[in-house]
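For reference, the structure is listed below as structure tokens.
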Amino acid sequence: MTQELTQNRITDLFTRKSERLLNVYFTAGFPALNDTVSILRGLQAAGVDIVEIGMPYSDPVADGETIQQSNEKALENGMSLKTLFAQLADCRKGTDGDPVTVPILLMGYINPVLQYGVEKFCQKCQEVGVDGVILPDLPLDLFLDDYAPIFNEYGILNVNLITPQTSEARIRHIDKESDGFIYMVSSASITGSVKGVSDTMQAYFERIAAMNLRNPRLIGFGINNHETFDTASNYANGAIVGSAFIRHLSEKGTSAESIQAFVQTIRA
């Protein structure tokens, strides 16, 4: 592990707190183009542990209708990587409001990152205070062969995903090569499509917990209320909420009070 990674806000978080961590996802530039930083600050004020910001993409294959529609709206609003980095440029400094101290992940797909330039992307992440990325369509082996040295140079974590179909050998390999945490996809589905925790999902959670992996784990896909958050937290270090929060933003707005109310429904 590089010196940069040891100072990463995500790894620091997991050394301080290991239970009931809440990671909330929202799409940059949704509902309105300039909502990104105010939502980020609202989530921090509400006590969220990690904020995951979606980089809008025209073909988000792992995502369900809710997040797909938020991607489409954000792109219509004019969101791009360049714009997102500009929006985040001063959030850590607090020059236009309270400084953002919560760990930040960017979640999206590899094609826009390649178009932007991988090294330039990592450099900008470091510059604006992004701590890591989740790129579901970037295979781990390709990352290790082609991009790991660049990510390490700039102290940016690459968070890897596992699913119920991932073999034990593959999970062990991912665990060995990961830093920060492992994203446990709860089921073989798209985001926003899972209702409740099935017996099959629970068996999967128990199987992974029994593996005693080196890295902490957060469970995502289908975490949408207090009950599912509690269940996930019983088998991992916490959970990731995405589609439910996007729907909340659409229906209830982006005020700090509205965001606080949503987070309370998950954690209450």
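Observations on the model:
- Residues (buried (at least 20 other Cβ atoms within 10 Å of the Cβ) and in a loop (DSSP other than H, G, I, E, B)) located in segment 164-183: Ser178, Asp179, Gly180, Phe181
- In segment 224-256, the residues that are open to solvent by 10 Å² or more (accessible area, probe 1.4 Å), within 27 Å of Ile171 (Cβ to Cβ) and not in a helix (DSSP H, G or I): Asn224, Ala236, Asn237, Gly242
- Within segment 235-254, residues that are without any contact (Cβ under 8 Å) to a residue 60 or more places away in the chain have Cβ atoms under 7 Å from residues that are in a loop (DSSP other than H, G, I, E, B) in these pairs: Ala244/Asn224, counting only partners at least 6 apart in sequence or on another chain.
- Filtered residue count, segment 58-68, keeping only those that are surrounded by fewer than 23 Cβ atoms within 10 Å (Cβ to Cβ) and either closer than 25 Å to Leu21 by Cα or touching a residue at least 24 places away in the same chain (Cβ under 8 Å) (or both): 6
- Hits in segment 117-151 (condition: part of a helix (DSSP H, G or I) and β-branched (Val, Ile, Thr)): Val118, Val128, Ile150
- Residue that is most open to solvent (accessible area, probe 1.4 Å), among those in segment 257-268 that are at pLDDT 95 or above and small (Gly, Ala, Ser): Ala261
- Residue check for Leu161: open to solvent by 20 Å² or more (accessible area, probe 1.4 Å), without any contact (Cβ under 8 Å) to a residue 60 or more places away in the chain, hydrophobic (A, V, I, L, M, F, W, C) and not in a helix (DSSP H, G or I): yes
- Criterion violated by Val48 - all others in (1) more than 20 Å from Tyr183 (Cα to Cα); (2) touching a helix residue (DSSP H, G or I) at 6+ places or on another chain (Cβ under 8 Å) satisfied: (1)
- The residues on offer are Glu206, Glu227, and the sole one that is out of contact with any Asp or Glu (no Cβ under 9 Å at 6 or more places or on another chain) and either hydrophobic (A, V, I, L, M, F, W, C) or within 23 Å of Ile67 (Cα to Cα) (or both) is Glu227.
The values are calculated or read from the model by the stated rules, or taken from the named source; none is laboratory data. In this text, all values refer to a predicted model and were calculated from it rather than measured experimentally. Here Cβ is always computed from backbone atoms with ideal geometry, including for glycine, and neighbour counts include all displayed protein chains. Accessible surface is based on the protein model in full, side chains and every heavy atom, while ligands, DNA and RNA are left aside. Shrake-Rupley method; radii C 1.70, N 1.55, O 1.52, S 1.80 Å.
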